[in-house]
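First the structure, in the form of structure tokens, and then the observations on it.
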Amino acid sequence: MHQTKFPIRLIRMVAGLFFFAVGIVMTINANIGLAPWDVFHQGLSNVLGITMGQASIMVGAAVVAVDYFLGEKIGIGTLGNMVLIGLFIDFLMLNNLIPQMQVFWAGVLQMVIGLFVIGVASFLYIGAGMGCGPRDGLMVALLKKTGRSVSLVRGVLEGGALLLGWLLGGTAGVGTVITAFLTGPMVQLAFKVLRFDVKGVRHTYLNEDVKALGKVLRGR
């Protein structure tokens, strides 16, 4: 994937982040409880009087700083994830582009579809090979530092985000449980449908992508 022309990879990354935001807003507007990180974002937005998207950007920036401190490489995709998903979330929510469900089972259906959309978005975004998102980078960094299992590290991170968000007034519920158990399988289903092998992706990072961007700007 790193041999694909830089502009094409960049467009694919941005498209993936947009659809990632679509999937997130679908799960939020399902109205049956939020994913753990979104409980935290909502709690922050309530306390600080900011939007969900702004809270997402704030948390992402803090996590990127921790990633860098722990020695993880930062890519354009990492920074794009940090900023663009939050901007897209606000664009979708403030313009009411995705309906809010008022019936429980309609909410469950919208949440499941939203998780599949996140899977398709992950295919686009990860497949661009421009670095992983801040939260995934933190998980990888902690895996390297602690030597613990993926399930334990991810569980601690998401459990901590959920607890903090709940204490700040974020909304947990049935949807929180659904996202905890179904996000992985739905992303895996999307990868299977799209015949995407995530292990075959070779990521590039800021130093490489800055060079590639320079070549594009010079017309080479």
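The values are calculated or read from the model by the stated rules, or taken from the named source; none is laboratory data. These figures come from a predicted structure and were not determined experimentally. Positions of Cβ are generated from backbone atoms using ideal geometry, with glycine treated the same way; all protein chains shown enter the neighbour counts.
Here are a few things to note about the model shown:
- Residue pairs meeting the criteria (Cβ under 8 Å; at least 6 apart or on separate chains; first touching a residue at least 40 places away in the same chain (Cβ under 8 Å) and within 18 Å of residue 163 (Cα to Cα), in segment 17-40; second of a type in the set (Asp, Glu) and surrounded by fewer than 24 Cβ atoms within 10 Å (Cβ to Cβ)): 36/158; 37/158
- Pairs where the first residue, in segment 184-210, is within 16 Å of residue 133 (Cβ to Cβ) and the second is aliphatic (A, V, I, L, M) and not in a helix (DSSP H, G or I), C-beta under 6 Å, 6+ apart: 201/1; 206/74
Table: residues versus (1) closer than 30 Å to residue 206 by Cβ; (2) within 12 Å of the chain's Cα centre (by Cα); (3) modelled with pLDDT of 95 or more.
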position	(1), (2), (3)
29	no, no, yes
55	yes, no, yes
68	yes, no, no
73	yes, no, no
92	yes, no, yes
106	no, no, yes
111	no, no, yes
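- Residues satisfying the stated conditions in segment 61-93, i.e. within 20 Å of residue 145 (Cα to Cα) and of a type outside the set (Ser, Thr, Tyr): 62, 63, 64, 65, 66, 67, 69, 70, 71, 72, 73, 74
- Among the residues of segment 207-216, none qualifies, meaning not one is surrounded by 20 or more Cβ atoms within 10 Å (Cβ to Cβ) and at pLDDT 90 or above.
- Considering segment 52-78, the residues that are assigned to a loop (DSSP other than H, G, I, E, B) and of a type outside the set (A, V, I, L, M, F, W, C) include one that is farthest from residue 6 (Cα to Cα), namely 71.
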